[in-house]
Structures are given as C-alpha cells and as structure tokens.
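What follows is calculated from the coordinates using simple rules that are stated; it is not laboratory data. Predicted, not measured: the structure shown is a model, and the values here were computed from it. Using ideal geometry, Cβ is built from the backbone for each residue, glycine included, and neighbour counts are taken over all protein chains shown.
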Amino acid sequence: MTLPQTMPALVNYAPEAGSVELRDVDVPAISDSDVLLAVEAVGICGSDLHQWQNSHSWPVNYPCTLGHEFAGTIAATGARVDRFAKGDRVVSETAAVIDPDSPYTRQGEYQLDPNRLGFGYGVDGAMATYAKVPERCLHAIPDDLAFEKAALTEPCCVAFNAVCENATVRPGDHVLVLGPGPIGLLCAHMASLSGASRVIVAGLPSDARRLEAARQLGADTTLDDPDAVPAVVSELGDGMGVDVVIDAAGVSATLKQAMEVVRPAGHITKVGWGPQPMEYSLDPAVQKNVTIQGSFSHNWPMWERVIRMLAIEQINLDPIIDRVAGLDAWRDCFDKMHDKQYVKAVLTPSDARPAAEQAAQDAAHAPA
C-alpha cells in the first residue's frame, strides 16, 4: 500500500484564541527508531481546549498539530524498530522528546526530564491521519480493546498517578475530588477502585452532566455548590476532615478550599493546572502538617498497569465518552466539551483516509 504524501491535521497555528483549523499537511517522515502510526482514535483533552482558547500556561511550538491521547495501527516502521511491526495495535505515551542522558530519564522518571517535549504542544500530535511516534513510546493493546477506549489510556494514567501513586488512597479513606472534568472523574473512579469508603466530587451548577458521570463511576456524593463542601465534610467520620483531597480543578480557590477541609496530617494532590496567582497564605497546610503533592504525567509501569485494567474493564469509560466522531467534526466536539455538554469526545482520523486505504486497513484486521 502506497502512503499518501499529505493528510488532514488539526493545527494550532498561533497563540491567539481560536487559532485552530483543519489543514492539509505533509505526512511525517520517520527516523530509524520511529513508527508511522495510522491514528484510529484520539481523545480531546482539556489542554487542547485551553490551547484553542489561548488559556493555557505552557509553551507551545507553533504551528503544532494537536492531540496527545491516541491509539492506532502501525503503518510503517523505521529500520531499527524491532519490538513492533506493521499492523500492530498500539497506544502511545506522551513524552515525544526526552534527553536519554537526563538523570530523571535514567531512573525511569523521564516524564520529569526538564527537556521533555510532549505531543500536541512541543511536537506535532495525533489529531491527524498519521503521527510519527518513537518506538519507546509504544505499548501493545489487546485486539478486543476498542480504539476509542484505548486512546484514553493517557488520562487514565494521569488519574492513576495522582490517586494511586502520589496520593496512595487506602481502603477506608474519605476522598474529596474538586473539579469534575475528565481527569477529576477518573480520579474519583481510581479512588473508588482503591477502596475509599466515601468519594465526594464537587463542581459547579454547570457540571450537571459531569456529576452524573461521577455517580456512575463510584462517587458516593456529588455537589454542585462549592460552598456546600465544608458542611458535607464535617459530617464524615470524626468530623476532622477528609483524608485525601484531589485538586483537579486547577483554579486558585480550590487549593485554598482543599487546605480548609483536609484533616490534620492529611494529603492534598494537585493535578489540575492553573496560571492564577495564589493570594492567600499556606499557613493552614503548615498548621495541619499537611502534605501537598504535585502530580504530573506518568511513566511506563503506569501505562502497563492501566492497559491491564482497561483490558478487563476494571476501568469503566462508558460514562465519560459522549461522542466518537470524524476529524471534520472537531469544532462541534470542542464547543460541546467547552460548554460541558460532553464530558469527553474522541476523534477518529482514520475516517479521513482514502476509501481504498481504509478498506485495506480493515481487511488487515478482518477475521481469518
């Protein structure tokens, strides 16, 4: 099969709000250690929306194809690729560029390498028909794991790291999740899977659809009024506060509330991004002897574990996937996620491939 020279891609081309459009771009050339991935599914992340609205707090190498939550089928391999072959079904990690000599890379914490660049902001991402991916980023996925669910391995890993690694939720814990976006919902799910005796998810009145999903994912209590949080927390156990707070909202006010409602010697994990300055004291964290833990990204062992959880449906993604659509529907999906009508939408760039090429791809995966 001859690959096309150009392809459609959703490009963030400038820092001004709204600077995202579908463009024809060159199919990427791969090096000896890369694969060319035919992208079957790519999730829309809140960070994609932030770049679209220019409300992000990280540098972007413009122009850049969006998309870092993706799964697909290998269309071509570089000369030195030996663990994967054409036709393999895979998902990709997000650390597209790392320094192999960084002390963090050497100890397996490459996500913390200061020179790391990720798909969708540092290098071209996967909201395109094809993506260039280093072999080291790939993980095999089972044949019966749908691509639209496999593509969400990445946000599941973010939540796993926040809850199970950095917060270490234990059976019997009371857990509060602030912010019911996709990451917050998955954090609530991870807390429930970890045995928390009470999971509370707090949002805003506009979060009705998201809070419904939270209940489906194991939340015992959902709140659409931030001011109601302290009273609900005061009724738990001995009334001293929750054991763990996951701040998945990112705004300054949620960290302040987290310090107010966490119990002495409790734990706060901040996984939400937010550029706003904090205009309050951290003294409550000192007085309570509280641990405040940042949580960023993920690494290889987390991906392998989460893929196993997805494969046996231990992680339930049905409540959060509201739409699966072709790449040309990106604007409607972005709008409805931004307006909180959708929790999560997944794009299928494979729909943009020529019909003959798509038929060959389907035939390659047809039962013998």
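Okay, here's what the table says:
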quantity: Residue match in the stretch 22-42 (condition: charged (D, E, K, R) and touching a Lys or Arg at 6+ places or on another chain (Cβ under 6 Å)); calculated: yes
quantity: The stretch 131-146 - residue that is touching a helix residue (DSSP H, G or I) at 6+ places or on another chain (Cβ under 7 Å) and of a type outside the set (A, V, I, L, M) and, of those, surrounded by the most Cβ atoms within 10 Å (Cβ to Cβ); calculated: His139
quantity: Output for the stretch 323-339, where each listed residue is within 15 Å of Asp207 (Cα to Cα) and either of a type in the set (Phe, Trp, Tyr) or not in a helix (DSSP H, G or I) (or both); calculated: Asp339
quantity: Residue tally, condition part of a loop (DSSP other than H, G, I, E, B) and crowded, with 23+ Cβ neighbours inside 10 Å, over the stretch 246-259; calculated: 2
quantity: Candidate set from the stretch 193-245 (those that are surrounded by fewer than 22 Cβ atoms within 10 Å (Cβ to Cβ), among the β-branched types (Val, Ile, Thr) and under 24 Å from the mean Cα position of the chain (by Cα)); member that is nearest to Gln341 (Cα to Cα); calculated: Thr222
quantity: Meets criteria (of a type in the set (Lys, Arg) and surrounded by 20 or more Cβ atoms within 10 Å (Cβ to Cβ)) for Lys149; calculated: yes
